[in-house]
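Structure first, then comments.
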Amino acid sequence: MKNLLVTAILILCSIFAKAQETQSYTLAVSIDNISSNNGKVLLSLHTADTFMKGPGIQNIASEIVDGKINISFKNVVPGSYAIMAVHDENDNKRMDFETNGMPKENFGMSGNDMSYGPPRFDDAKFSLTNEDLAFTIRF
């Protein structure tokens, strides 16, 4: 009887634990118009809270092969996100700017909005709901 009670409790605990799991997905990103193989491409996955305020919730540095990269952000839970990418051509792990504030290095983001002024989350955001997604970002 004691074994039956312990088994029943373990089964119930595993059912509740399974119900609490959050599904996660993969975001595949490709960039195929990189001007040179120098340096790396720095990519960051952002929420509205982290966008343009520092590191993203996931950050990846990718080697460039023949002017292209393919990376994946893994274990991403459903929500609203934006992806930013910069070609860190001199490999100093940051974006470089001219004295007038214009970027010296190529960059892009999800949504491929290239309007003037600083990037905005609303222009780059997308919703991750219930499936893996793939993006091609243009520099």
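The residues packed around GLU105, meaning those with a beta-carbon under 14 Å from its beta-carbon, carry a net charge of -1 if Lys and Arg are +1 and Asp and Glu are -1. Label separation (THR26 vs SER72): 0.1 nm, computed from points 7 Å beyond Cα along the C-beta direction.
Of the trypsin sites (Lys or Arg not before Pro) found in the range 94-139, those that fall in a DSSP loop while having at most 14 other beta-carbon atoms within 10 Å are ARG94, LYS104, ARG138. Computed from backbone phi, the HN-Hα couplings of the range 102-112 come to 6, x, 8, 10, 5, 8, x, 8, 4, x, 6 Hz, rounded to whole numbers (Karplus: 6.51 cos²θ - 1.76 cosθ + 1.60, θ = phi - 60°; Gly and Pro given as x). Qualifying GluC sites (Glu not before Pro) in the range 55-139, where qualification requires a DSSP coil assignment and no more than 16 other C-beta atoms within 10 Å, comprise GLU98, GLU131.
Values in this text are rule-based calculations from the coordinates and carry no lab data. Here the structure is a predicted model, which means the values were calculated and not measured. Note that each Cβ is placed from the backbone with ideal geometry, even for glycine, and that neighbours are counted across all protein chains shown.
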